[in-house]
Every structure is written in C-alpha cells, then in structure tokens.
Amino acid sequence: MTLQTLGNALLILVAIGWIGVRQMSWRPVSIGRMWRMPAIFGIVGLVMIVQTTKPTALTALDLGVLVVELVISLGIGAWMGAIAHFRPLPEPIDIGKDRRELATYESRTGAWGLVLWVLVIVVRVGIDVLAGMAGSHLAASTGVILLMLAANRAARTAVFATRLGRHAAVTV
C-alpha cells in the first residue's frame, strides 16, 4: 500500500463521515455558503492534478475516465438536491460572520441522501479500480477525488438554489 493510497483511503473515510452526518441532520440553508466547499475542493483538486500530472502523460483513457466520473458525480449530486427536504425556520437565523447572511429554511436529504453519498463513493472506487487495471494513472489521484467531490456538491447546490428559488416565488 502506497502513501497516496493510504491518503486517499483516509480522505474517503473523512468525507463519508463528514458529509454523512450533514445528510442526516437539519441544517440552515445558505446557498452562498454551500458554493464554498465545491469551489475549494475543485480548485485544490485541479491544482493537485496539474502539479502531479504531465500534460503529455494524459491518455485518452485518463480523460475518458475523468469525464465519466464527472458525469456520474454531477448526476448523483443533482439527485441529492432533488430529494432534499426543506422546512421553514421559525425565525431567520443569522449565519454569516458579517451578519449579512440570513437562513430562512433548513434542509436535509436524510437516509436516501446518505445512500446516494455511499453510492458516489462505491462508484468512485469501482471506476478507480477498473481504470487502474486498464492503465489509467490519473483516476487514482487525490486531485480527481477532490474534483469528483466538488462536482457532486456543486450539482447539489445548483438544484438546491433552483428549488429554493421556486419555493420562495410560490410562498410570496
């Protein structure tokens, strides 16, 4: 077992635990704050990929695997956003450090969200194993893992924003 494999396993376990807890609990919704994690994960993932991969070393298999994983992560993230439950807060909650962000709803995806989150991880590991056996070196990188997490969370946030926008228009 290499140090990178051990690091990837640790990253996966932390991500499963952290996002799993968040799926099961009611949390105030702030779309602005929800965009931060995918942005950070995406930037760090891209930087790691660029730093560890020579552009000439990328193969069609690497790029194909990356596209397939992105599509799957985006799809499952959108599905998570679609199954989320919303409920209005009794009173708006001030969640911003600068006191300008108010949450008026809270949300959770519950057990189905947790199942979908585990599905993201299982599919990711399965594709990683198959792609590695086929000769892809990019699929196993930590940067790709972070990029997939970013894609999943970004799609979820986009669906949240759309749903909350429609809900606010109906209740006004």
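The values are calculated or read from the model by the stated rules, or taken from the named source; none is laboratory data. Since the structure is predicted, the reported quantities are computational estimates derived from the model, not experimental observations. Here the Cβ positions follow ideal geometry from the backbone for every residue, glycine too, while neighbour counts run over all protein chains shown. Only protein heavy atoms, including side chains, enter the accessible area calculation; ligands, DNA and RNA are left aside. Shrake-Rupley method; radii C 1.70, N 1.55, O 1.52, S 1.80 Å.
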Residue separation times 0.36 nm, minus the C-alpha to C-alpha distance between Val68 and Ala9: what's the value? 19.1 nm
In terms of modelled amide H atoms, which long-range or inter-chain residues lie less than 5 Å from the amide H of Tyr105? Val29, Leu89
Under unit Cβ charges (Lys, Arg +1; Asp, Glu -1), what dipole magnitude, rounded to 20 debye, does the chain have relative to its Cα centre? 380
Selected from Val120, Val14, Val29 as most flexible by GNM, with the chain as the system and alpha-carbon contacts under 10 Å: Val14
For the range 23-172, calculate the relative contact order in percent as a whole number, restricting contacts to Cα pairs under 8 Å that are 6 or more residues apart. 44
Are there any helices in the chain, counted as whole DSSP H runs, that stretch 27 Å or more along their axis by Cα and score at least 1.0 on average by Kyte-Doolittle, and if so which? 3-24, 60-83, 110-134
Surface share of carbon and sulfur [accessible, 1.4 angstrom probe, percent] for the chain: 71
Distance in nm between Leu46 and Leu130 label points, each 7 Å along Cα→Cβ, equals 2.8
